[in-house]
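Chemist: Below you'll find the structure I mean.
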Amino acid sequence: MVTGAVLLLLFGLLLFTYQVRVTQVAVVTTFGRPNAAPRTEPGLYFKLPWPIQKVHYFDKRLQYFEDKFEQTALTNQVPVLVMAYAGWRISNPSVFFPKWNGSVTEAERSLEQALRTAKAEVLGQTRFGDLISADEKSSRLPLVEAEILRRVQAQMEAGNYGMQVQFVGIKRLGLPE
């Protein structure tokens, strides 16, 4: 009898509660629509059972995204192969969830487009000698990366994606055959 009561209590707790971990943010939807405020603080929270409310969890830590190794042209029409990377996080879950319907993959596709556009624009105004130099002090690669970051951040702000890009870098440079 006691075992049955304990099991019933545990089952009730599982139906009516959810846990947010330190590395998570939770968006609770009622009949598919997000509630007023996402849960960002860790702890145990109450909810209504599944058909009424559903909990969507997102990682609030810094995410790493890597672009493809693709060809682009520099200012003097020299073709180069470039692979870029970006670090981003969900800055506003209330905006992020409805914009991407909870899909991190869709959000990263948008980030990929913004990164490719900014990379092509900035590298289109850059000379080959600015990227690679025998003297480390004369290399303008950090300035190029900073400009790409500025443009990607501007695109994320303009699109109101609920994402914040923290850093951008060029991982790999190459010359086509």
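The values are calculated or read from the model by the stated rules, or taken from the named source; none is laboratory data. Predicted, not measured: the structure shown is a model, and the values here were computed from it. Please note: Cβ atoms are built from the backbone with ideal geometry, for glycine as well, and neighbour counts cover all protein chains shown. Quick note on the areas: whole protein, heavy atoms, side chains included, nothing else; ligands and nucleic acids left out. Shrake-Rupley method; radii C 1.70, N 1.55, O 1.52, S 1.80 Å.
Chemist: If Asn101 passes every condition in (1) within 21 Å of Asn160 (Cβ to Cβ); (2) over 20 Å from the mean Cα position of the chain (by Cα); (3) among the polar types (S, T, N, Q) but one, which one does it miss?
Modeler: (2)
Chemist: Here's something else I'd like to know. Of all residues in the stretch 145-162 being in contact with a Lys or Arg (Cβ under 7 Å, 6 or more places away or on another chain) and closer than 13 Å to Ser110 by Cβ, which is most open to solvent (accessible area, probe 1.4 Å)?
Modeler: Tyr161
Chemist: Scan (1) touching a residue at least 24 places away in the same chain (Cβ under 8 Å); (2) surrounded by 11 or more Cβ atoms within 10 Å (Cβ to Cβ); (3) not hydroxyl-bearing (Ser, Thr, Tyr) for the single condition Phe46 breaks and write down its number.
Modeler: Every listed condition holds for Phe46 apart from (2).
Chemist: Only residues that are open to solvent by less than 70 Å² (accessible area, probe 1.4 Å) and either closer than 16 Å to Thr75 by Cβ or not in a loop (DSSP other than H, G, I, E, B) (or both): list them for the stretch 167-177, please.
Modeler: If the condition is that a residue be open to solvent by less than 70 Å² (accessible area, probe 1.4 Å) and either closer than 16 Å to Thr75 by Cβ or not in a loop (DSSP other than H, G, I, E, B) (or both), then Val168, Gly169, Ile170, Leu173, Gly174 are the ones that fit.
Chemist: Scan the stretch 1-15 and report the pairs whose first residue is more than 16 Å from Tyr45 (Cα to Cα) and whose second residue is open to solvent by less than 100 Å² (accessible area, probe 1.4 Å) and not basic (Lys, Arg), with Cβ atoms within less than 9 Å and a gap of 6+ or a chain change.
Modeler: none
Chemist: Another question, if that's okay. If I ask for residues that are within 17 Å of Leu149 (Cα to Cα) and either touching an Asp or Glu at 6+ places or on another chain (Cβ under 6 Å) or touching a residue at least 24 places away in the same chain (Cβ under 8 Å) (or both), which ones from the stretch 58-67 would you list?
Modeler: Passing the criteria: Leu62, Gln63, Phe65, Glu66, Asp67.
Chemist: Mind listing whichever residues of the stretch 92-132 are open to solvent by less than 50 Å² (accessible area, probe 1.4 Å), without any contact (Cβ under 8 Å) to a residue 60 or more places away in the chain and assigned to a loop (DSSP other than H, G, I, E, B)?
Modeler: Within the stretch 92-132, Ser103, Gly124, Thr126 meet the criteria.
Chemist: Oh, and also: What are the residues in the stretch 105-137 that are in contact with a helix residue (DSSP H, G or I) (Cβ under 9 Å, 6 or more places away or on another chain) and closer than 18 Å to Val78 by Cβ, if any?
Modeler: Result: Lys119, Glu121, Val122, Leu123, Gln125, Thr126, Gly129, Asp130, Leu131, Ile132, Ser133.
Chemist: So, one more: Glu70 versus (1) of a type outside the set (Ser, Thr, Tyr); (2) in contact with a Pro (Cβ under 9 Å, 6 or more places away or on another chain); (3) surrounded by 10 or more Cβ atoms within 10 Å (Cβ to Cβ): which is the lone unmet condition?
Modeler: All conditions are met except number (2).
Per-residue answers, yes or no, for (1) in contact with a strand residue (DSSP E or B) (Cβ under 8 Å, 6 or more places away or on another chain); (2) among the aliphatic types (A, V, I, L, M); (3) crowded, with 17+ Cβ neighbours inside 10 Å:
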site	(1), (2), (3)
Leu13	no, yes, no
Val20	yes, yes, yes
Arg39	yes, no, yes
Pro42	yes, no, no
Trp50	no, no, no
Phe58	yes, no, yes
